[in-house]
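*Asks:* Before we start, here is the structure in question, set down as structure tokens.
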Amino acid sequence: MFRPPLVFPFSVPRSSTLTSLPILFRYFSSPPPSSTSPNPARTLKDSPNFTFEIGLSFAGKPRRRGEQIPRGISSGGEKGEWRERMINWTEGSSEFNGETSSGKVGEVRVKKDKKDAGEDFFMIHERPADQLTTLAVADGVGGWAESGVDPSVFSQALMYHAWKAAQGDVSAQPKDILQKAYDGVKVDAEVKAGSATACVLQLDGSDGKLTSANLGDSGYLVIRKNNEFLDVPGAQQHYFNCPRQLAKVPHRRGYETNITDLPRDADLFEVQLEDGDVVILFTDGLGDNVHNSEVLLLLAQAQIETPPPSPKFGVTASKKLSVAQKLADGLKTYGQVCMGSTEKVSPFTLAAAKEGLNFRGGKTDDITVIAVRVKKNQQTSA
């Protein structure tokens, strides 16, 4: 999202205004899981007690004529290959099995040149052997572009190092993953400068626990089957339009800053998930434009049985989309619709009004949504 240099992202109010919604679903694929050997410290059953159906959808904001599109980390090397794997992650796969050069990913063919997360980025890491799933999003500060810095490099690198941390240590909690990701960015030679908010979730299939670490104004929702929103930590802000964030600032004149946010400043939280819960992890492109009541309407639409995508729309699939994928797509697409409104009383409108500011309509931004549907497995007795 765009912000002035070191004046940071917008808040994510949790307000509600009912509106009628169009059915707007468009397929987007998502990142690769990985598998490692079980840690001896984790005593696990052969099959998990909980499984997590995941959907991912994202889009960069529309660019003005002449505005530079974020290029992100270099396309070659390990980080570049990882980025392509994330962008082309396939719903429901247990390993990356695509060919990024051709745009063919698993069972779904995507148009590679259409996949743009803007200054947002994300990661999905699955350890089936350890029954752990780690999800994260990061929202890069767009104002760095005015200093000649590509804001997407920081957010992509932060997610890459978070993915490496989740891959390397089965005992790592979200707060540890966030710390290791930040440590990695600080010594990453490709990241000259930048900053981002970040939210990391870990889902444990053995007991259904969700643990989180959130710094800034990205965030997540947990929705019960009765449409109840659980009370989870909200946005962290220094003041309006200035959330907490992790930063890498050059040690030279002109880059002086009082920003001192660190991973230890993140809000930590844990909650027991239940069968049928829905978890939605997002950047503020969603939170600033879509109310919770609208999320419920889109969830209801996602639960309606629909036929699989048609080849005439440029997408082929051997199975219909999951509820999680349809929900992620629906939220992303509706968020984009709201951004184009000049009349909507958006969550950002309400947040601005509390500060005495007059802002009407949606707020144009990059948007990333990871949706998860929780399923408790039936355990058969021996």
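Just so you know, all these numbers are worked out from the coordinates, no wet-lab data involved. Just so we're clear, the structure is a prediction, and the values are computed from it rather than from any experiment. Reconstructed Cβ throughout: ideal geometry from the backbone, glycine too, with neighbour counts over all protein chains shown.
*Asks:* Whole-Å semi-axes of segment 329-382's equivalent ellipsoid, largest first, each the root of 5 times a Cα gyration tensor eigenvalue? Kindly include the intermediate steps, with their values, before the conclusion.
*Replies:* Numbers: eigenvalues 290, 40, 12 Å².
Here the semi-axes work out to 38, 14, 8 Å.
*Asks:* What FRET efficiency do you get for Ile304 and Asp231 if R0 is 41 Å and r is their Cβ-Cβ distance, rounded to the nearest 0.05? Spell out each step's value before the answer.
*Replies:* Details: r = 28 Å, r/R0 = 0.69.
The pair Ile304/Asp231 has a calculated efficiency of 0.90.
*Asks:* I need two numbers for segment 165-290: Rg to one decimal and Dmax as a whole number, Cα atoms only, in Å.
*Replies:* Taking only Cα atoms of segment 165-290, I get Rg and Dmax of 16.2, 55 Å.
*Asks:* Taking θ as phi - 60°, what are the ³J(HN,Hα) couplings along segment 221-230 by the Karplus curve (6.51, -1.76, 1.60), each to the nearest whole Hz, with x for Gly and Pro?
*Replies:* With the stated coefficients, segment 221-230 comes to 10, 10, 10, 7, 4, 8, 6, 7, 8, 6 Hz.
*Asks:* Between Gln237 and residues 5 or more places away or on another chain, which pairs have amide H atoms under 5 Å apart, with H built 1.01 Å from N, and which residues are they?
*Replies:* The answer is Arg244.
*Asks:* Moving on to the next point. Sorting check: for 165-174, 223-232, 120-129, which peptide has the highest mean count of neighbouring beta carbons within 10 Å, and how do the rest follow?
*Replies:* Packing order, densest peptide first, comes out as 120-129, 165-174, 223-232.
*Asks:* Still on this model: Taking R0 as 22 Å, what FRET efficiency do you get between Lys376 and Ala129 from their Cβ-Cβ distance, rounded to the nearest 0.05? Can you show the working numbers first?
*Replies:* Numbers: r = 20 Å, r/R0 = 0.91.
After rounding to 0.05, the efficiency reads 0.65.
*Asks:* Each label point is 7 Å from the Cα along the Cα-to-Cβ direction; what then is the distance between the points at Arg264 and Thr342, in nm?
*Replies:* 5.0
*Asks:* A further question follows. Taking K and R as +1 and D and E as -1, what net charge do the other residues with C-beta under 15 Å from the C-beta of Ala189 add up to? Could the numbers behind the result be given before it?
*Replies:* On the way: positive: Lys79, Lys186, Lys192, Lys248; negative: Glu78, Asp150, Asp183, Asp188, Glu190.
Neighbour charge sum, excluding Ala189 itself: -1.
*Asks:* Return the subset of Lys354/Lys376; Lys175/Lys320; Lys186/Lys376; Lys61/Lys180; Lys61/Lys164; Lys164/Lys376 for which the Cα-Cα distance in this structure is over 31 Å, preserving the input order. Don't skip to the answer; put the middle values down first.
*Replies:* On the way: Lys354/Lys376 41 Å; Lys175/Lys320 36 Å; Lys186/Lys376 40 Å; Lys61/Lys180 29 Å; Lys61/Lys164 28 Å; Lys164/Lys376 28 Å.
The answer is Lys354/Lys376; Lys175/Lys320; Lys186/Lys376.
*Asks:* In sequence order, what are the phi-derived ³J(HN,Hα) couplings for segment 151-160 according to the Karplus relation 6.51 cos²θ - 1.76 cosθ + 1.60 with θ = phi - 60°, rounded to whole Hz, with x for glycine and proline?
*Replies:* x, 6, 5, 5, 5, 5, 5, 4, 6, 4
*Asks:* So for each of 370-376, 320-326 I average, over its residues, the number of other beta carbons within 10 Å; can you give me the resulting order with the highest mean first?
*Replies:* Values: 370-376: 23.1, 320-326: 20.6.
Output ranking for 370-376, 320-326: 370-376, 320-326.
*Asks:* Output wanted: per-residue J couplings in Hz (rounded whole) for segment 200-210, from phi through Karplus 6.51 cos²θ - 1.76 cosθ + 1.60, θ = phi - 60°, x for Gly and Pro.
*Replies:* Coupling constants for segment 200-210: 10, 10, 10, 10, 9, x, 6, 10, x, 7, 10 Hz.
*Asks:* Need the full-extension length gain, Asp207 to Asp46, defined as separation in residues times 0.36 nm minus the C-alpha distance. One decimal, nm.
*Replies:* On the way: separation 161, 0.36 × 161 = 57.96 nm, distance 1.33 nm.
Length gained between Asp207 and Asp46: 56.6 nm.
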